[in-house]
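The values are calculated or read from the model by the stated rules, or taken from the named source; none is laboratory data. Everything numeric in this text was worked out from a predicted model, so none of it was measured. Heads up, the Cβs are rebuilt from the backbone with ideal geometry, glycines too, and the neighbour counts pull from every protein chain shown.
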Amino acid sequence: MAADPKSAAPAPQAKPFKPALLLILLLPAAALMAPTAIVLVAALMPTFAARLIDSSPGRYLTWTVLGMNAVGALYFLHELWSMGEDFGVVAIVLGDPIGWLAAFAGAGVGWVLYLGMPAIVAQMAGTQSALRLRRVRRDLAQLTEEWGPTVAGEKK
C-alpha cells in the first residue's frame with residue numbers, strides 16, 4: 001500500500017541567511033582588528049554599491065562583485081599588514097592609488113563576469129545543440145542507409 005502523501009513528513013527547508021547573526025560574529029573580530037576592518041570597508045565599497053543595485057533572488061551580481069573585489073582588496077591588506085597594523089598606517093595605505101586601482105579593477109572584473117556570462121552560456125548552449133543535431137542527422141543517415149527511407153519517415 002502506498003504511503004499517504006498528506007501524512008508524509010515535509011522536506012526540510014534551507015535555513016535562511018541571518019545577517020544579524022553574521023554581524024554579531026563579525027563585530028568582535030572587527031574591533032580586534034580595527035585597521036584591517038577600516039581598510040576592508042573602504043576597499044569593498046563597490047561591493048556595497050552592487051548590493052544596493054542587485055535585486056535578483058540569488059544576488060548573483062553581489063556575490064560576483066564581492067569575490068573579485070575581495071581579490072582586488074588583497075593589495076590593500078598586504079600593504080597594511082606589511083607596514084604594521086596601526087591606525088597611522090591606514091591613511092597611508094588608503095592613499096595608495098595602486099590599491100584603489102586593484103580594488104576597482106577587481107570589482108570591474110566582477111561586473112564584466114556578471115554581464116558577460118549569459119552571452120557565454122548562450123553561445124555554449126547553441127554550440128552544444130548544433131553538435132547534437134549534427135550527431136542525430138549522422139545517425140539518421142546511417143540508419144536510412146541500413147534500413148531504407150521508411151526509417152526516416154519518408155515514403156517509398
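Quick grid of which residues meet (1) surrounded by 14 or more Cβ atoms within 10 Å (Cβ to Cβ); (2) under 30 Å from Pro118 (Cβ atoms); (3) modelled with pLDDT of 90 or more:
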| position | (1), (2), (3) |
| --- | --- |
| Ser7 | no, no, no |
| Pro19 | no, yes, no |
| Ala31 | no, no, no |
| Ser55 | no, yes, no |
| Thr64 | yes, yes, yes |
| Leu77 | yes, no, yes |
| Asp86 | no, no, no |
| Trp100 | yes, yes, yes |
| Ala105 | yes, yes, yes |
| Counting only residues that are of a type in the set (D, E, K, R) and free of Cβ contacts under 8 Å to residues at least 12 places away in the same chain, how many does segment 52-84 have? | 2
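Among the residues of segment 107-120, what is the count of those that are closer than 20 Å to Gly67 by Cα and more than 11 Å from the chain's Cα centre (by Cα)?
Of the residues in segment 107-120, 8 are closer than 20 Å to Gly67 by Cα and more than 11 Å from the chain's Cα centre (by Cα).
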| query | assigned to a loop (DSSP other than H, G, I, E, B) and surrounded by 10 or more Cβ atoms within 10 Å (Cβ to Cβ): does that describe Glu145? | reply | no
